[in-house]
Amino acid sequence: MLFVTDFADQAVVLPLAVAIALSLWLAGWGRGALAWCAAIAATFAAVGALKLAVFAFGAPPVLPDLRSPSGHTAAAALVYGGLAALLAAQARWRARTLAIAALCAATIGAT
């Protein structure tokens, strides 16, 4: 089951994030593309800062078993959740698509 985490590797997630940004830009939604890029940068920066904090100060008391925040889970939730939100433009598919994206992120986090 560990192969599932490969779907959140940077070699997969970053090209997908760039493709989504380009798609938004080419569709004429420049502000959406900029917001998407800002969300990607902010998420990766937050995970990096949390990893440094855990390395420097240790795990927080509420999560004593935490060794390092999961960049794979954050990347999967952001990119696949964002892709699902774009694909769920039709109301009849929205709940199903978002549920599948949440399940994918949870599965990657569990692995």
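The values are calculated or read from the model by the stated rules, or taken from the named source; none is laboratory data. These figures come from a predicted structure and were not determined experimentally. With ideal geometry, Cβ positions are generated from the backbone for all residues, glycine too; neighbour counts draw on all protein chains shown. Just the protein is used for accessible areas: all its heavy atoms, side chains included, with ligands, DNA and RNA removed. Shrake-Rupley method; radii C 1.70, N 1.55, O 1.52, S 1.80 Å.
Only one residue in ARG31, ARG67 is of a type in the set (Lys, Arg) and more than 24 Å from PHE7 (Cβ to Cβ), so which one is that?
Checking each option against the conditions leaves just ARG31.
Using beta carbons and a limit of 6 Å, which pairs, at least six apart or on different chains, have the first residue in the range 48-76 and within 22 Å of ASP9 (Cα to Cα) and the second one open to solvent by 70 Å² or more (accessible area, probe 1.4 Å) and charged (D, E, K, R)?
That search, which allows pairs on different chains as well, returns SER68/LYS51; PRO69/LYS51.
Test VAL79 against the criterion of being of a type outside the set (D, E, K, R), at pLDDT 80 or above and assigned to a helix (DSSP H, G or I), and give yes or no. Working first, answer last.
Working: of a type outside the set (D, E, K, R): yes; at pLDDT 80 or above: yes; assigned to a helix (DSSP H, G or I): yes.
Criteria met by VAL79.
Residue under question is LEU14, and the condition is that it be open to solvent by 70 Å² or more (accessible area, probe 1.4 Å), at pLDDT 80 or above and either assigned to a helix (DSSP H, G or I) or out of contact with any strand residue (DSSP E or B) (no Cβ under 6 Å at 6 or more places or on another chain) (or both); does it hold?
So LEU14 passes the test.
Would you be able to say whether some residue in the range 94-111 is assigned to a helix (DSSP H, G or I), of a type in the set (Ser, Thr, Tyr) and touching a residue at least 60 places away in the same chain (Cβ under 8 Å)?
As a first pass, look at the range 94-111 and keep what is assigned to a helix (DSSP H, G or I): 94-110.
Retained after the next criterion (residues that are of a type in the set (Ser, Thr, Tyr)): 97, 107.
Now restrict to residues that are touching a residue at least 60 places away in the same chain (Cβ under 8 Å): 107.
Among the residues of the range 94-111, at least one is assigned to a helix (DSSP H, G or I), of a type in the set (Ser, Thr, Tyr) and touching a residue at least 60 places away in the same chain (Cβ under 8 Å), which makes the answer yes.
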